[in-house]
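Report on one structure; see the data block that follows.
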2 protein chains.
Amino acid sequence: MGASQQEQGPLRVALLGCGVVGSEVARLLTQQSADLASRVGAPLELVGIAVRDASAPRPLADSIDRSLLTEDAEGLVTRADIVIEVMGGIEPARALLLRAIEAGAAVVTANKALLAEDGPTLYKAADTAGVDIYFEAAVAGAIPIVRPVRESLAGDHVRRILGIVNGTTNYVLDQMATTGMSFDDAVRQAQDLGYAEADPTADVEGFDAAAKAAILASLAFHTRVSLEDVAREGITRITADDVAWAAQTGHVIKLLAIAESVTGDDGGHGVSVRVHPALVPLAHPLAGVRGAFNAVFVEADAAGELMFYGRGAGGSPTASAVLGDVVSAARHRVLGGKGPEESTYAALPILPASTAVTRYQVRLAVDDRPGVLAQVAQVLASKGVSIEAVRQPSEQSAPGADATDDGATGVAHLVITTHAAAEAALAATVDAIAVLEPVREITSVLRVEGA
Amino acid sequence: MGASQQEQGPLRVALLGCGVVGSEVARLLTQQSADLASRVGAPLELVGIAVRDASAPRPLADSIDRSLLTEDAEGLVTRADIVIEVMGGIEPARALLLRAIEAGAAVVTANKALLAEDGPTLYKAADTAGVDIYFEAAVAGAIPIVRPVRESLAGDHVRRILGIVNGTTNYVLDQMATTGMSFDDAVRQAQDLGYAEADPTADVEGFDAAAKAAILASLAFHTRVSLEDVAREGITRITADDVAWAAQTGHVIKLLAIAESVTGDDGGHGVSVRVHPALVPLAHPLAGVRGAFNAVFVEADAAGELMFYGRGAGGSPTASAVLGDVVSAARHRVLGGKGPEESTYAALPILPASTAVTRYQVRLAVDDRPGVLAQVAQVLASKGVSIEAVRQPSEQSAPGADATDDGATGVAHLVITTHAAAEAALAATVDAIAVLEPVREITSVLRVEGA
């Protein structure tokens, strides 16, 4: 089927961007050229690296000819068989990729923001031009997750994906859990170590995870999901107390990207996609994902539970994923064939986050007198939310409790964990509890996932 | 590139075998036919299920027409576009797959024993015929590992694979670790639960894991590795004491399939492939793999550490992997192209297990008198093996110790953990320690992996 048997000339590879990831891609492309040629069936020739300022000093491996650096990205993409985009951002990345596709190049991109915002435009262009578009590196760095979801699970039904897909926030939460430090201190430490940007908003507010959630949801449910379909809540409100309470109740707090098949109020099927911090039971495989690692937990009808674990960011890990895609695209150039196209046949509705079924853990400060627990339980019962556990810790064992704010004023703490219920019912229940007379404060409301 | 745009007629799918896996494949093929057709771009039509005895009673989903059952496997494979082999064993599976390939069918097999023994014959036949051969289900059931190693990591260098690829032995070891039960009792329990065969040899002696190790090693190192290249040791000698000692030193015992890039005595590169029980530190991601689950831990130059986790056996999980492959093969029928071929360009030598660098934990019973530890340490030093730790537990804390066998006779226990050294040097060291006068018995020798 279109396999060419004659000796194959080199395939021209263009690289857009030469930052942490790009320079590693260039290094591996050149240093591993013999292996890559053997695996592809043709040599890969790096024909140019587009950068904003070609004269700027930059560390490049010795194997890379600096004359490959060019500021003419538009010209570069039209003289390549495969274009790798690792510059990030929406423009000029989108325009350059579209131009590359129109010129007949296969494209490989790590650009989650672009794909979550406007992936379908790129997928459609690639389909029309009959070229490959691959993007393994856009989700969870080195972890093979795009290919497994698109191809390995193509004969199965994905029920749910729970992903730790942002290494920065996982590092921050892990530091808080293991050292007891505050959110601000943990972010500062992540910045010092290069895990977090000077402006950490995209990570800590969940935007990065939301983009990845949209991409994964699209693949898993054969439905277009864009960034704006993703309900998003970051980790900025997570306190050291929350983390300590989580531990005391056998959980760890993780920022999860969740995409799941749900049933709407009208009984119809749909997809819920959301990013929020959640309590994960310690026995769940995701609970053990430490530091800046990523992991994606997949529940499928036939396969059951799967987990994919590894480094979600960094130059080399991301470059590994990029080069795997480059080899796939290059093999198609040599042997014929084409990778998977966008699959949207299911076209499921995106249901609001309020449709999701979840569990809550609610902490509240109440007057320390008899009958309060009964009053709170009554509210839950009246809303049809069933209680899994109520804990009323002694003052000594309550994280964050000390004599100054509690002892004198007669405040008690309650920790209520619910059974699964619709998000909307849970939210309404919390509102109803908050206005009870003996309730002084709803200290925190966290979802429990992965039980 | 060979993509056909006309309306595509159904693709004929033949199924060889209708046991636990086959019946699930048939069920999913028929019950999910609408989804599969959308994902493939053409309907998949199950045209026959070859079984030894078509009249034997068997549970089949209602969606399956029982007239599809046939005893004429040879005839069936010549009237299919895609042949799925889930019958197992070497013959007639090999002959039928070869016949299917010659007849131009793409083949999907879950047959690890056949691939580990004679995969290259099948790969070569498929290559010659220009058809796909896929085998995701042959290694670690539902876990996507073949595709990630072959494709996602195609631009990287795999350094090492450590796999828990046999659910039966993992269940047995996990039961021993969590309940303290003996090996025999744990095997009996696994048999009662259907995790172990009546004759558990293939699992507990590591043959099944060795076949999977051979397949993974071939893919990861682009080198032909067959079952006979795999050094193999089962778990039948693991005692409850070993398991208790492992816990006391911060480890858990797992049966590991290991494939790694090693440097031979002559400085040349090679591959070491082996299966043996090993102590895995509790902090290692593999240590948390419980029950009958499987997991494959991969270390690659650029990607770093990856882990793939899920169900390694069972009807539905294996069927999920089979159907993912069927969709890939079917898409190639519709759109053109072909999956990866056997890649053996590296042709690395298979180095003997003695070349591997590993760590040992040696337990020994010695006369309880001064100077013994020094004598043992002297032997290690003379062999160039450096000691990480020596533990000389009190009798009370020594698992398995009781007054009857120890107290009266003046026996002490030593647990020596070495630093990494060549397997050959370690083995020679153990031999030298065993003949020391105050050494009564080498109680156990276990490798430590994943540190």
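The values are calculated or read from the model by the stated rules, or taken from the named source; none is laboratory data. Computed from a predicted structure; not experimentally measured. So basically every Cβ, Gly included, is an ideal-geometry build from the backbone, and we count neighbours across all protein chains shown.
The test for being among the β-branched types (Val, Ile, Thr) and either within 10 Å of another protein chain (Cβ to nearest Cβ) or more than 19 Å from the chain's Cα centre (by Cα) (or both) holds for residue A:149.
Evaluating residue B:237 against the criteria (1) farther than 25 Å from residue B:126 by Cβ; (2) surrounded by fewer than 22 Cβ atoms within 10 Å (Cβ to Cβ); (3) facing another protein chain (nearest Cβ under 10 Å); (4) modelled with pLDDT of 95 or more leaves one unmet condition, (3). Residues in the stretch A:198-253 that are over 12 Å from the mean Cα position of the chain (by Cα), among the basic types (Lys, Arg) and closer than 26 Å to residue A:442 by Cα: A:237 alone. Number of residues in the stretch A:314-358 that are over 20 Å from the mean Cα position of the chain (by Cα) and of a type outside the set (Gly, Ala, Ser): the value is 17.
On the basis of being crowded, with 18+ Cβ neighbours inside 10 Å and in contact with a Pro (Cβ under 7 Å, 6 or more places away or on another chain), does residue B:148 make the cut? When the stated conditions are applied, residue B:148 passes them. Within the stretch B:335-378, the set of residues being crowded, with 20+ Cβ neighbours inside 10 Å, more than 14 Å from every other protein chain (Cβ to nearest Cβ) and not in a strand (DSSP E or B) comprises B:351, B:353, B:356, B:376.
Look at the stretch A:274-289: where a residue is touching a residue at least 12 places away in the same chain (Cβ under 8 Å) and a partner is in a strand (DSSP E or B) and hydroxyl-bearing (Ser, Thr, Tyr), sitting 6+ places away or on another chain with Cβ atoms under 8 Å, you get A:285/B:309; A:289/A:309. Taking the stretch B:131-146 as the range and being farther than 20 Å from residue B:273 by Cα and within 9 Å of chain A (Cβ to nearest Cβ) as the test, the residues that pass are B:141, B:142, B:143, B:144.
How many residues does the stretch A:215-228 contain that are touching a strand residue (DSSP E or B) at 6+ places or on another chain (Cβ under 7 Å), surrounded by fewer than 24 Cβ atoms within 10 Å (Cβ to Cβ) and closer than 24 Å to residue A:279 by Cα? Spell out the reasoning first.
First, the residues of the stretch A:215-228 that are touching a strand residue (DSSP E or B) at 6+ places or on another chain (Cβ under 7 Å): A:216-217, A:220-221, A:223, A:225.
If we keep only those that are surrounded by fewer than 24 Cβ atoms within 10 Å (Cβ to Cβ) too, we end up with A:223.
Cutting the leftovers down to closer than 24 Å to residue A:279 by Cα gives us none.
The number of residues fulfilling the criteria is 0.
What about residue A:48, is it part of a strand (DSSP E or B), farther than 17 Å from residue A:333 by Cα and of a type outside the set (Phe, Trp, Tyr)? Break it down into steps so the answer makes sense when it comes.
Numbers: part of a strand (DSSP E or B): yes; farther than 17 Å from residue A:333 by Cα: yes; of a type outside the set (Phe, Trp, Tyr): yes.
Judged against the criteria, residue A:48 is a match.
Close Cβ contacts (under 6 Å, 6 or more residues apart or on different chains) running from residues in the stretch A:424-449 that are under 22 Å from residue A:355 (Cα atoms) to residues that are in a strand (DSSP E or B) and among the basic types (Lys, Arg) comprise A:444/A:363; A:448/A:359.
Residues to consider are B:306, B:279; find the one that is facing chain A (nearest Cβ under 9 Å) and either hydrophobic (A, V, I, L, M, F, W, C) or not in a loop (DSSP other than H, G, I, E, B) (or both). Steps first, answer last, please.
Numbers: B:279 fails: facing chain A (nearest Cβ under 9 Å).
That would be B:306, the only listed residue that is facing chain A (nearest Cβ under 9 Å) and either hydrophobic (A, V, I, L, M, F, W, C) or not in a loop (DSSP other than H, G, I, E, B) (or both).
Would you point out the residue of the stretch A:232-273, among those that are β-branched (Val, Ile, Thr), in contact (Cβ under 8 Å) with a residue 60 or more places away in the chain and not in a strand (DSSP E or B), that is farthest from residue A:359 (Cα to Cα)? Checking each candidate, the answer is A:239. For the stretch B:100-115, the candidate set comprises residues that are more than 16 Å from the chain's Cα centre (by Cα) and within 14 Å of another protein chain (Cβ to nearest Cβ); within that set, the residue that is farthest from residue B:16 (Cα to Cα) is B:104.
To keep it simple, each residue is scored yes or no on (1) in a helix (DSSP H, G or I); (2) surrounded by fewer than 17 Cβ atoms within 10 Å (Cβ to Cβ).
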| position | (1), (2) |
| --- | --- |
| A:58 | no, yes |
| A:61 | no, yes |
| A:75 | yes, yes |
| A:79 | no, yes |
| A:88 | no, no |
| A:91 | no, yes |
| A:95 | yes, yes |
| A:99 | yes, no |
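Can you name the residue in the stretch B:1-52 that is at pLDDT 95 or above and acidic (Asp, Glu) and, of all such residues, is surrounded by the most Cβ atoms within 10 Å (Cβ to Cβ)? Restricting to residues being at pLDDT 95 or above and acidic (Asp, Glu), the top hit is B:24. Only a single criterion out of (1) buried (at least 24 other Cβ atoms within 10 Å of the Cβ); (2) within 13 Å of another protein chain (Cβ to nearest Cβ) is not satisfied by residue A:158, namely (1). Apart from one condition, residue B:171 fits all of (1) within 14 Å of another protein chain (Cβ to nearest Cβ); (2) within 22 Å of residue B:307 (Cβ to Cβ); (3) not small (Gly, Ala, Ser); the exception is (1). Residues of the stretch B:56-114 that are touching a Lys or Arg at 6+ places or on another chain (Cβ under 7 Å) and basic (Lys, Arg): B:79, B:112.
Would you confirm whether any residue within the stretch A:62-84 is within 13 Å of another protein chain (Cβ to nearest Cβ), under 30 Å from the mean Cα position of the chain (by Cα) and of a type outside the set (S, T, N, Q)?
Pass one, the stretch A:62-84, residues within 13 Å of another protein chain (Cβ to nearest Cβ): A:82, A:84.
In the following step, the residues that additionally are under 30 Å from the mean Cα position of the chain (by Cα) were identified as A:82, A:84.
Next, only the ones that are of a type outside the set (S, T, N, Q) stay: A:82, A:84.
For the stretch A:62-84, residues within 13 Å of another protein chain (Cβ to nearest Cβ), under 30 Å from the mean Cα position of the chain (by Cα) and of a type outside the set (S, T, N, Q): present.
Among the residues of the stretch B:309-334, the one identified as at the interface with chain A (Cβ under 7 Å from one of its Cβ atoms), outside any helix (DSSP H, G or I) and farther than 16 Å from residue A:289 by Cβ is B:311.
A search for C-beta distances below 6 Å between a residue of the stretch A:27-39 that is within 9 Å of chain B (Cβ to nearest Cβ) and any residue that is of a type outside the set (Gly, Ala, Ser) and part of a helix (DSSP H, G or I), counting only pairs 6+ apart in sequence or on different chains, returns A:28/A:323; A:39/A:327. The helices (runs of 4 or more DSSP H) found entirely in the stretch A:134-214 that carry 2 or more residues being touching a strand residue (DSSP E or B) at 6+ places or on another chain (Cβ under 8 Å) are A:167-179. From the list B:164, B:143, the one residue that fits, being in contact with a Lys or Arg (Cβ under 8 Å, 6 or more places away or on another chain), under 15 Å from residue B:255 (Cβ atoms) and not hydroxyl-bearing (Ser, Thr, Tyr), is B:164.
Residue B:54 passes every criterion in (1) touching a residue at least 24 places away in the same chain (Cβ under 8 Å); (2) more than 14 Å from every other protein chain (Cβ to nearest Cβ); (3) among the hydrophobic types (A, V, I, L, M, F, W, C) apart from (1).
Within this structure, residue B:296 fails the test of being touching a His at 6+ places or on another chain (Cβ under 8 Å) and either buried (at least 24 other Cβ atoms within 10 Å of the Cβ) or within 11 Å of another protein chain (Cβ to nearest Cβ) (or both).
Residues that are surrounded by 18 or more Cβ atoms within 10 Å (Cβ to Cβ) and under 13 Å from the mean Cα position of the chain (by Cα) are absent from the stretch B:261-269 altogether. Restricting B:127, B:192, B:118, B:199 to residues that are out of contact with any helix residue (DSSP H, G or I) (no Cβ under 6 Å at 6 or more places or on another chain), surrounded by fewer than 23 Cβ atoms within 10 Å (Cβ to Cβ) and within 14 Å of chain A (Cβ to nearest Cβ) narrows the list to B:127.
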